[in-house]
1. If I filter region 469-478 down to residues being part of a strand (DSSP E or B) and touching a residue at least 60 places away in the same chain (Cβ under 8 Å), which single residue comes out as surrounded by the most Cβ atoms within 10 Å (Cβ to Cβ)?
2. If you go through region 502-539 one residue at a time, how many are free of Cβ contacts under 8 Å to residues at least 60 places away in the same chain, within 24 Å of THR601 (Cβ to Cβ) and within 27 Å of the chain's Cα centre (by Cα)?
3. Where in region 544-606 are the strands (runs of 3 or more DSSP E), entirely inside, with at least 2 residues that are touching a residue at least 60 places away in the same chain (Cβ under 8 Å) and under 14 Å from GLU392 (Cα atoms)?
4. Just one of the numbered conditions (1) under 28 Å from the mean Cα position of the chain (by Cα); (2) part of a helix (DSSP H, G or I); (3) of a type in the set (S, T, N, Q) is not true of ASN134; which one?
5. Could you tell me which residue of region 199-239 is nearest to GLY151 (Cα to Cα), considering only residues that are touching a His at 6+ places or on another chain (Cβ under 9 Å) and aliphatic (A, V, I, L, M)?
6. Output the number of residues of region 109-131 satisfying the condition of being closer than 15 Å to GLU165 by Cβ, of a type in the set (A, V, I, L, M, F, W, C) and part of a helix (DSSP H, G or I).
7. Exactly one of (1) in a helix (DSSP H, G or I); (2) buried (at least 18 other Cβ atoms within 10 Å of the Cβ) is unmet by ARG28. Its number?
8. Working only within region 432-491, note down all residues that are of a type in the set (Phe, Trp, Tyr) and under 26 Å from ALA85 (Cα atoms).
Amino acid sequence: MPFSPVDSLEVPLQKVNVSDAFWLEYQRLVKEVVVPYQWKALNDDVADAEPSHAIENFRIAAGQSDGEFYGMVFQDSDVAKWLEAVAYLLTKTPDPALEETADQLIELIGAVQQPDGYLNTYFTVKEPQQRWTNLAECHELYCAGHLIEAGVAYVQATGKTRLLEIVCKLADHIAHVFGPGEKQLHGYPGHPEIELALMRLYEQTAEKRYLDLTRYFVEQRGIQPHFYDIEYEKRGKTSHWNTYGPAWMVKDKAYSQAHVPVALQTTAVGHAVRFVYLYAGVAHLARLSQDQEKREVCQRVWENMTRRQMYITGSVGSQSSGEAFSSDYDLPNDTAYTETCASIGLMMFANRMLQMDPDSRYADVMERALYNTVLAGMALDGKHFFYVNPLEVHPKSIPFNHIYDHVKPVRQRWFGCACCPPNIARLLTSLGHYIYTQRPDGVDINLYIGSDVEATIGGKALRLKQSGGYPWTECVLIDVDTDQPLEATLALRLPDWCDSPQVSLNGNPLALASLTQHGYLRLTRTWQKGDRLEMILPMPVIRVKGNALLRHVAGKVAVQRGPLVYCLEQADNGSELHNIRLPHDATFRLISGSGLFAGKTLLQAQGGRRASVQASQQPLYHYNPPVEDTVPQTLTFVPYFTWANRGEGEMRVWVDE
């Protein structure tokens, strides 16, 4: 369908107030636990956690402290993401002490900025003469992108322009260094991120040079002769990373999404986080520049990613080598990489696709990623985190088999590469950006999260209030409030997991078939104060089977209820989960959780276990064995996002049927 720059608007975060009990608990956790904890981690004040040194790097670069740079070349980005999360918190709840801490940090960042606008602690402290000489391997533009996003968020939250001025000066410096000019660098980032950041900066400032710079970075990518090869030769064939041999990042162009021009890319390949960050930026650019070619590229790679390379948990990136996609239908469960940041980036990509193209397939994936992998990335205590999110874990094998080197059976306090924890914080605090999409004629409701939103349609205020017990209960209420009758379109997503949704308006059932477009029920009418929509989204327990080409789940079944994927854990079902069998006719019953699972719904069913009495005393293999005995067992399934909150143990999503 045609689109234009005004087809959609991001609802300002201050116009969305989350009131949902499920999500209020997470937002409380972020405010009271996660952000303070991460501030301590960034200041190396968490016992038994890997040191960050991130704040100290800024002090050293500002001349306020002595010492050497420590950490990854992209250590600055952890600070920027923390600042962005703080901005979103301040948008909703004033906190003078937290704001003062953030303001002091912003002044420290400003003290690091060079006269020409350059800002990066690694190169300022460690290699000041090597600025912009290694785009393929180092992360100057990536760090700049995260700081730009923080700058946009902070001015929107507080009205204070100091950080925005810093990042505009940085962006202007980058626009001076990069471009088609004879004296400019004709390169682009090895780790995309600045593309989506520059588009946010463009929307905030209306400075067209930021949109033009985004377009340059996107369109220059993959052009021959290859810029990464050119700069590699210029710096004497030296490499920053030697993990897999000299210049492996330079040579593996797909890893950096630089193997072909964006216009020619057809599949999801390479580093998963880089892929979703890049195409979030491309989708944003396509919408605001009305670029049909880029829009079609985004649709093409989206289809490949979600139909052939995405896990049932809404995670992407199946292999540890390169934190990357593999090939179509190659989705191993126990060696899955599925980085938390990749699912967060997937949500960003999905949201931008929704703004450009109101199709429920994007929101369905956004919801799947959110309720499963994103939430699984953080423990229920807010102090422990997963970088990698496998769908099957056998802890006894992990210490001895190097194919599991990336898998942790329990969440960690912090990471040397700590991109995921602050990314989770900024996602959860900015959740309001994902619930609604405002259009010129109305509002699309993408996620069923209890909240209040105020939109302006034709110069008039339209207020909506969502309530209900989602994702545990099937009823969603949407109450309308207007100062005067208002003609507008409200669009309600009909989730892909629900095959019999019911919707009524003021008590009158609606004929969904005639009103549904691209997975949204679209209601155009004159709305009045007191109008109420009631949705019933039946949530029976669903058995999910994989495509016949998914060899890793052949003969297995997964269990889902509503948007939540469930799993078996050793804590409830004993060890040797590979011997568990779920009969094809098993009946599920809902169990109200208690203790750690209070307020959550668990599932139980009668299943069986392959008998393994004294198995260790038996031969390794049996010839022409008799039919195996199966011992009856009650199986307990918990939401995938809650696994590994009760200590180390086996876990499995896909169960033998």
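The values are calculated or read from the model by the stated rules, or taken from the named source; none is laboratory data. Keep in mind that this is a model prediction, so the values were computed, not measured. Every residue, glycine among them, receives a Cβ derived from its backbone with ideal geometry; neighbour counts consider all protein chains shown.
1. VAL476
2. 0
3. Strands (runs of 3 or more DSSP E) meeting the threshold: 556-561, 564-569.
4. (2)
5. MET199
6. The qualifying residues number 3.
7. Here ARG28 clears every test but (2).
8. TYR434, TYR436, TYR448, TYR470 - these are the residues of region 432-491 that are of a type in the set (Phe, Trp, Tyr) and under 26 Å from ALA85 (Cα atoms).
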